[in-house]
1. Take the alpha carbon gyration tensor of the range 255-388, find the square roots of its eigenvalues, order them as a ≥ b ≥ c, and report rounded if a/c is under 1.5; if not, report prolate when a/b exceeds b/c, else oblate.
2. Using the heavy atoms of the protein chains and a 1.4 angstrom probe, tell me the accessible area per residue for the chain in square angstrom.
3. Which distance in nm do the two modelled labels at Lys367 and Glu429 give, with both placed 7 Å along the Cα-to-Cβ direction?
4. In whole Hz, with x marking every Gly and Pro, tabulate ³J(HN,Hα) for the range 70-81 from phi via Karplus 6.51 cos²θ - 1.76 cosθ + 1.60, θ = phi - 60°.
5. May I ask you to derive the FRET efficiency for Arg84 and Glu269 from their Cβ-Cβ distance with R0 = 41 Å, giving the value to the nearest 0.05?
6. Can you figure out the FRET efficiency of Asn95 with Asp464, using R₀ = 35 Å and their beta-carbon distance, to the nearest 0.05?
7. Could you go through the range 135-144 in sequence order and give the Karplus-derived ³J(HN,Hα) for each residue, using 6.51 cos²θ - 1.76 cosθ + 1.60 with θ = phi - 60°, rounded to whole Hz, and x for Gly and Pro?
8. So who's got an amide H within less than 5 Å of the one on Ile329, skipping anything under 5 residues away but keeping other chains? H placed 1.01 Å off N, in plane.
Amino acid sequence: MSIWKKEGYIHNILEQDIEVNTLIIGGGLTGLLTAYYLNNTSTCVIEARTIGSGVTKNTTAKITYLQENIYSKIIKNSNRENARLYLKSQIESVNDLKTLIEKENIKCELEPTPSYIFTSKKSKLAKLKEEVYFLKKNNIKINKQNLPINYKTVAAYKVNNTYTFNPLKFITGLYKTLQNRNIQIYENTKIENVKKDKDLYICNVNEYKIKAKKIIYATNYPYFLNPLLMPLRVSIEKSYIIVSRITEDKNFSCINIEKPIYSCRYYKEKNKKYQISLGRSHNLAFSQNDKKNFEKLKKQFRLKEVDILHEYTNTDIITPDYMPLIGKIKENMYISTGYNTWGMTNSILGAKILSDIINQKENQYTKLFNPKRINKSNIKKLPYYIITGIYSYISSKLIKNKTWNKGKAKTHHKIGVNINIYKDEQGKEHKVKNKCPHLGCGLIFNEIEKSWDCPCHSSRFDIDGNCIKGPSNQNIKIDLCVYNRSITNLTN
């Protein structure tokens, strides 16, 4: 369970056919921010679950342009000018988010928070200095300084003009601002399909239809394959987050530049103080023993079990050139995703770019983040994407019963399909289908969060088969009456 708690705003479910100018699919930061900057009452935002319940809820919520050694990566996979432009976009996004919060008087615990990048390995010191050199050449005031935490480091560097906040309190304030502008926002409104009919997109949602001239996909991983062929253009990274109690009053954030990634920030709520630790990030296709990864993260930060309050995971889209995918993908269809773990800055960046494109305004970043761009990094990493995709699919089918689950969660072949069975602490069995509706991958039980997770594209389902995270937009429930009747017939 995330440390960020949802605030008490009113649920609004679609209960009629509607027609709008712009439909935004996804009620996280990107979706609501895009609606904010479009500022058009003929805009509708729909969310399959609840506002901010996806990646937004599980983020560490650091508002910073100090992002590992991302600028060195962009130089390597693209060029120095693109790295300079990306840095400029991130600094502007930090300032834009701060300005918006102050303008709308959103109470979200925005706090100036120094950011550090560091390395714990002597072999990575040259890479760290390369990143710092680039930042200094672009007029960033960054200084060498000891990391203020009991953690082994070789070198660390600090900047001051960065922030942290509470993302769900921000979502709540933004939601209220949009309500005051009479912009339609619907929760628990799951889109089933999108079809084009002349100049309109027809979207089947629950039992109703939404007609829209324009569609914006503001979801973490768009569920459709065309026209971007997402599985062949990006990878998915899984990270582990632990929230623990602390006694000292600290205020900074930090992240290393080598793998495995280790990052932390601090949060204070009334008189209670917390450390939010993140790490063990890896390609979703590999390292599927979540409990083991959490144990390694605890060891790395020397966390005591008695202090730990929450453990949860998050997934991020990683692009081959480490820059987001923002812009037009076909006539009147737009996308903003691929934030490479830096969603706080890139969500507002995506919102401003899309609103400018739709309102036919100039934006200096439109070409840089064009989602249809092809460069050397796309071609170079294509075999890797193909291999990891095949590996995750085949391994999910061949190795169904993971040894680390110790019999608590099993897969059985019954009535012509694979059935997942999880036995809870009270001994009750929960039965679901072992097949992700998105592309048919097998599912792996997440012992820590008690969910069935897809190792291919990160869909997630609860123990009773309800879809709680996309790209799947369908459940994996089974009809227990049909199941029990079939089992009886088999045994007779």
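The values are calculated or read from the model by the stated rules, or taken from the named source; none is laboratory data. Computed from a prediction, not measured in an experiment: that's the story for all the values here. Ideal geometry is used to build each Cβ from the backbone, glycine not excepted, and the neighbour counts take in all protein chains shown. These accessible areas exclude ligands, DNA and RNA; they are computed on the full protein's heavy atoms, side chains included. Shrake-Rupley method; radii C 1.70, N 1.55, O 1.52, S 1.80 Å.
1. Numbers: a/c = 3.08, a/b = 1.62, b/c = 1.90.
Taking the square roots of the gyration eigenvalues as a ≥ b ≥ c, the range 255-388 is oblate.
2. Details: 22250 Å² over 492 residues.
Per residue, the chain has 45 Å² of solvent-accessible surface.
3. Going from the Lys367 label point to the Glu429 one covers 6.3 nm.
4. Going residue by residue, I get 5, 6, 5, 5, 5, 4, 5, 9, 9, 6, 5, 5 Hz, with x marking Gly and Pro.
5. Numbers: r = 38 Å, r/R0 = 0.93.
According to the calculation, E is roughly 0.60.
6. Details: r = 44 Å, r/R0 = 1.27.
The value I calculate is 0.20.
7. 5, 5, 5, 9, 6, 8, 7, 10, 10, 6
8. For Ile329, whose amide H was placed from the backbone, the distant partners under 5 Å are Tyr334, Ile335.
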